[in-house]
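Beneath this line is the structure, given in structure tokens, with notes to follow.
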């Protein structure tokens, strides 16, 4: 790109930044304080950590749709990869022996850490997303160490695992529809329901996040003629 | 100046830098990195402005948590498309536009 | 006062690592600076009183995104190595 358009674009964004900084520094007092409202309603949510309560109870609809968006992204990656549907990539070289020993040592610990984060999300920082990230990292580590079987990606149980989280959440969200309200958990069962939903979410999101890495297009694919 | 306000201002600067990078960088990998920087800047503005009085706002934190996970899904999809383009065209740049015949 | 100094230093490092990630001459260096940016963002979330976000940013924003980007840099190198221009 020539220099003058480059300078022009940079100047435009510098002006934008200056305008936004001026706006932020002159903001009026906030009209609504949601932090206080969450604290007041925390007792009815079934968990004692406010962020988990917001994610899975007060704004559960957003989390439900987010799970669907992640599945759509995985479908997009699978479509773009252009290989045999659902197969994993081949490793470009044999992994080092040290990496294999390290992966064998560390992956049970990662599963344990993911389980703890999942359970701790109800009363401490943690929850389904963090647990799913650690679990997905464990799966990717096993793949990079060459310890995942090559046909691990194309079974129907894998597809069941990917869909389970979304379907459990959808079922538990739609069940109270008889009483006229989506996602209205009964207050005395809210804690147990949230834990059940989070377990399903952890499994599905871990498989989805690992699948986003494992199903990227390969460099060994056949060239189109 | 509370941490919320300071990090909101940082988020504005990051957003501007990221947006300039998305437009100006020719290499697709750099565009994707700039897009992520832009997203992180926007998240800082969200949480920073909500907490500019010094409290802790759980709703904006939950929204940004959702945003972080969705942005990595978008990054993965963008990388899949960029790699497909690399496999087919040999480089990670948009093909040069040819004049219409 | 020292807390404000730490916040200012963190904000400056965030901006610096982001600009280095956007202007690095080599894609590999850009990805390394992006991972540094992700970890500094985790610190920023911790300073903002958001430990869930710090955990998620460190695991997803720095870890998974870094792995995805490094893998793509490797793909880029393998591809341009196989077909020298």
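Rule-based calculations on the coordinates, nothing more; no lab input. All figures in this text were calculated on a predicted structure; none of them were measured in a lab. When we count neighbours, we look across all protein chains shown, and the Cβ atoms used for this are built from the backbone with ideal geometry, even at glycine.
Using a Förster distance of 25 angstrom, determine the FRET efficiency expected from the C-beta separation of residue C:12 and residue A:10, and round it to 0.05.
0.80
Take residue A:3 and residue A:105, extend 7 Å from each Cα along the Cα→Cβ direction, and tell me the distance between the two endpoints in nm.
Result: 5.5 nm between the two label points.
Which three extents, in whole angstrom, do the alpha-carbon atoms of chain A cover along their principal axes, largest first?
For chain A, the Cα extents along the three principal axes come out at 60, 60, 37 Å.
Counting other beta carbons within 10 Å of each Cβ, put A:166, C:70 in order, fewest first.
On the way: A:166 21, C:70 16.
Fewest-to-most Cβ neighbours within 10 Å comes out as C:70, A:166.
I'd like the FRET efficiency for residue A:163 and residue A:112, computed as 1/(1 + (r/R0)^6) with the beta carbon distance as r and R0 of 35 Å, rounded to 0.05. Could you put the intermediate results ahead of the total?
On the way: r = 26 Å, r/R0 = 0.73.
FRET efficiency, residue A:163 to residue A:112: 0.85.
Suppose R0 equals 56 Å; then what is the FRET efficiency for residue A:48 and residue A:91 from their Cβ-Cβ distance, rounded to the nearest 0.05?
0.80
Measuring from centroid to centroid over Cα atoms, what is the spacing of segment C:27-81 and segment A:13-45 in Å?
Centre-to-centre distance over Cα atoms comes out at 27 Å.
For the residues A:124, A:104, what sequence is obtained by ranking on other C-beta atoms within 10 Å, fewest first?
A:104, A:124
For segment A:31-105, just say rounded, prolate or oblate: build the C-alpha gyration tensor, square-root its eigenvalues into a ≥ b ≥ c, call rounded for a/c under 1.5, and beyond that prolate if a/b exceeds b/c, oblate if not.
Oblate, since a/c reaches 1.5 and b/c is not below a/b.
Mind grabbing the base-10 log of I(q)/I(0) for segment B:1-59 at q = 0.16, 0.30 Å⁻¹? Debye formula, identical points on the C-alpha positions, no solvent, two decimal places.
Summing over Cα pairs of segment B:1-59 leads to -0.50, -1.03.
Take chain A, connect every pair of alpha-carbon atoms lying under 10 Å apart with a spring to form a Gaussian network, then pick out the residue of A:65, A:183, A:167 with the largest mean-square fluctuation.
A:65
Rounded to two decimals, what ratio of Rg to Rh does segment A:74-145 give with C-alpha atoms and a Kirkwood Rh?
On the way: Rg = 15.4 Å, Rh = 14.1 Å.
Ratio value, two decimals: 1.09.
Could you bin all the Cα-Cα distances of chain C into 5 Å bins starting at 0 and give me the percent of pairs in each, rounded to whole numbers?
3, 15, 19, 20, 16, 11, 7, 4, 3, 2, 1, 0
For A:32, A:187, A:134, A:24, which order do you get if you count the other beta carbons within 10 Å of each Cβ and list the fewest first? Provide the component values of the computation, followed by the final result.
Values: A:32 8, A:187 11, A:134 25, A:24 17.
Listed from fewest to most nearby Cβ atoms, that is A:32, A:187, A:24, A:134.
According to the square roots a ≥ b ≥ c of the eigenvalues of the Cα gyration tensor, what is the shape class of the protein assembly as shown, taking rounded for a/c under 1.5, prolate for a/b larger than b/c otherwise, and oblate for the remainder?
Oblate is the answer for the protein assembly as shown, as a/c is 1.5 or above yet b/c matches or exceeds a/b.
Rounded to the nearest 500 deg cm²/dmol, what is the calculated helix-only ellipticity per residue at 222 nm for the protein assembly as shown, with -39500 (n - 2.57) per DSSP H run of length n ≥ 4? Walk me through the numbers on the way to the answer.
Numbers: 15 runs with 286 residues, N = 411.
Rounded to the nearest 500, the figure is -24000 deg cm²/dmol.
On each of the three principal axes of the Cα atoms of chain B, give max minus min coordinate, whole Å, ordered largest first.
If we take the Cα atoms of chain B, the spans are 59, 22, 20 Å.
With labels modelled as points extended 7 Å from the Cα through the Cβ direction, what inter-label distance (nm, one decimal) is found for residue C:77 paired with residue C:28?
0.4 nm
How far apart, in nm, are the 7 Å Cα→Cβ label points at residue A:196 and residue A:62?
2.5 nm
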